[in-house]
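Structure record follows, encoded as structure tokens.
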Ligand SMILES: [Zn+2]
């Protein structure tokens with residue numbers, strides 16, 4: 001779809017599943033289950049909704065899905081279903097990996113950086129040979145030496161080969177990474193998550209990344225159990241979600257299995273959304 005003079009497309013890397021309790025933190029199951037039903041293993045199915053931004057000058061990807069570097073056991077544990085992949089989706093838009101000039105990793109968790117690299121001749125190499133990969137410096141450093149609390153969220157092969165190839169552009173705080181495309185550091189999910197703001201022709205789009213992973217997480221207190229700094233997530237959501245509604249931003253929800261793009265409305269302090277066909 002168009003955003004000013006840019007094109008914005010959701011490119012799915014399939015779906016996966018995570019423990020529903022972990023996805024909804026302190027929200028009771030009887031309440032969250034009405035939003036996202038759990039399977040027999042208490043998991044909820046989640047989208048991997050990468051974003052392609054075509055500015056005319058750059059082809060920019062926001063996050064790279066969960067990728068294909070998984071053995072059968074892990075595929076089953078995470079319920080990975082690749083009815084489509086990021087590269088399949090790019091091909092449908094007549095793009096190859098060589099056409100991507102910028103990859104923005106909102107953070108380096110395996111479900112956001114999976115197709116950063118591809119297994120070739122027994123080793124992982126950068127999937128996008130001409131791209132600079134933009135990530136917060138603090139996130140890269142943390143991923144390289146993760147804490148026990150979130151060690152399981154990182155896979156070295158997603159980012160170490162990118163660093164070895166010299167393709168990371170490490171950012172400190174907010175920055176414009178291409179004309180009209182900015183990253184905004186928002187602590188909460190972890191210390192150095194970055195959201196992405198796109199502005200063209202007076203229109204704005206905003207990728208909430210894991211600050212608001214699905215539309216079910218729009219209420220301020222619906223924060224993931226995974227978040228390292230949940231009260232900061234609440235504060236950031238109270239600031240950004242009403243602003244998105246007020247200013248008519250096109251909102252992107254990376255993990256929503258049904259609603260990757262929506263406009264928000266605020267009525268009597270309650271946020272509702274209007275789904276868009278991606
Ligand atoms: Zn995630």
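What follows is calculated from the coordinates using simple rules that are stated; it is not laboratory data. Since the structure is predicted, the reported quantities are computational estimates derived from the model, not experimental observations. Please note: Cβ atoms are built from the backbone with ideal geometry, for glycine as well, and neighbour counts cover all protein chains shown.
Summary table below
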quantity: Ellipticity estimate at 222 nm from DSSP helix runs (n ≥ 4, -39,500 (n - 2.57)) divided over the chain, nearest 500; calculated: -5000 deg cm²/dmol
quantity: Residue 221/residue 99 FRET efficiency (R0 45 Å; Cβ-Cβ; nearest 0.05); calculated: 0.60
quantity: Normalised contact order of the range 1-126, rounded percent, pairs of Cα under 8 Å and 6 or more residues apart; calculated: 29 percent
quantity: Relative contact order %, the chain, counting alpha carbon pairs below 8 Å whose residues are six or more apart; calculated: 18 percent
quantity: Rg/Rg_globular for the range 17-156, with Rg_globular taken as 2.2 N^0.38 Å and Rg from C-alpha atoms; calculated: 1.14
quantity: Over the chain - Rg/Rh using Cα atoms and the Kirkwood inverse-distance radius; calculated: 0.93
quantity: Cα extents of the range 172-278 along the three principal axes, largest first (Å); calculated: 37, 36, 26
quantity: Point-to-point label distance, residue 76-residue 247, nm (Cα→Cβ direction, 7 Å offset); calculated: 4.8 nm
quantity: Quotient of C-alpha Rg and 2.2 N^0.38 Å, computed over the range 98-156; calculated: 1.17
